[in-house]
1. For the chain, compute Rg over Rh where Rg is the Cα radius of gyration and Rh is the Kirkwood radius from the inverse mean 1/r over Cα pairs.
2. Normalised by the number of residues in segment 18-310, what is the relative contact order in percent for Cα pairs under 8 Å and 6+ residues apart?
3. How large is the helix-only mean residue ellipticity at 222 nm for the chain, computed as the sum of -39500 (n - 2.57) over DSSP H runs with n ≥ 4, divided by its residue count, in deg cm²/dmol to the nearest 500?
4. Please sort 30-42, 182-194, 349-361 by packing, taking for each peptide the average over its residues of neighbouring beta carbons within 10 angstrom, highest first.
5. Starting from 0.36 nm per residue, how many nanometres of slack lie between residue 295 and residue 215 once their C-alpha separation is accounted for?
6. Over all directions, average the projected area of the Cα convex hull of segment 128-258 and note it in nm².
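Read-outs throughout are calculated quantities, based only on the coordinates presented, and are distinct from any laboratory measurement. Just so you know, these numbers come straight off a predicted model, no measurement behind them. Virtual Cβ from ideal backbone geometry, glycine too; neighbours counted across all protein chains shown.
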Amino acid sequence: MSNRPQLAPYASRPEQSRGRRYPEEVPRFRSEYQRDRDRIVHCSAFRRLEYKTQVFVNHEGDMFRTRLTHSIEVAQIGRTMSRILGLNEDLVEAIALAHDLGHTPFGHAGQDVLNECMQHFGGFEHNLQSLRVVDELEEKYANFPGLNLTFETREGILKHCQRDKAKALGELGQRFLANTQPGLEAQLANLADEIAYNHHDIDDGLRAGLITVEQLLDVALFRAQYDEVQRLYPDISGRRLVHEITRRMIDVQVTNLVTTTQANIERESPASADEVRALGCSLVSYGDQVTAYNLELKRFLRHNLYRHYRVMRMTGKAGRVIRDLFGVFLETPSLMPPEQLQAARLLEAQQGESGRARAVADYIAGMTDRFAILEHGRLFDPAALT
Ligand code: MG
């Protein structure tokens, strides 16, 4: 059997791309989406994902997922499903690797506080920031700002968007106003993200001792796989037990998502990626049973892991670091390094105080966990070296 992926009629085709913001020659040896993927891998925001975390702070231990390993897991799960469904793997991979580029240090805690800080200046949303990174902030090419990615990759990066913000995004924002869908690769990458974090958060949470296997037995999806693994390997325990369970849980989700999506595609039979976009509902979805499993799992993680007192302590500290940095830089932009100061002056000249605040938010959002902590020390700890 050939292992070469065949593109289905409803897959995104690079030769039919809606193109880049700044026209470029067609790449000689790669497809347009391979080029997008490669530009993402070579950008500076991508490297910094290694030192940013979602639930844990980067210095808490070397064993936990970082945003970089998370993004690679999303790409892996997404590519597997993409190949079975006949979608464009290169595009799924590009979206998966870029989807978290705009995340602040300290995960969701960081984003929530930065959003609060920015509430009078247009707000802060990590999803929009990922787009801003690839459209504006990366400085790599002589002819254009950002990475000049294709419409389809940018469409996938922008998972959600409020209507007022969508209006400013032209063609890219259109679907949020018209309530239509992105291409299937974007839909798929979005759910691959969820499959990845639900399961690695279980793994990391157990490793950190914040949750236990006994607690997880109340979660139906976990319990079913636990029973199966115990039946097959009655003596298994520890890390092997956990991994045998989580890998089966991922398999249940992937299998269900693929078969449900195949049935949805058959029902709607879209003849092209644009026909997928015109539909009022997402074709990539789970069946009812797995949707219910997922809700239960997410509820468990929210109550027992994300709101664990040790996580909340870290969240509180992270919030204070972000708030302090934002306040001091907004008041005195000249305390930022020259490049960021220049950006602040430029944006302030164009948009007033909101522009200055945006430059401060860009600087803070781009920081890694450890850099934010260091920078905070340099500004607030009298004994620290500046
Ligand atoms: Mg993610």
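1. 0.98
2. 18 percent
3. It lands at -18500 deg cm²/dmol.
4. On the way: 30-42: 20.5, 182-194: 25.2, 349-361: 17.9.
Ranked from most to least packed, the peptides come out as 182-194, 30-42, 349-361.
5. Here the segment from residue 295 to residue 215 would lengthen by 27.2 nm.
6. Convex hull of Cα atoms, orientation-averaged projection: 11.3 nm².
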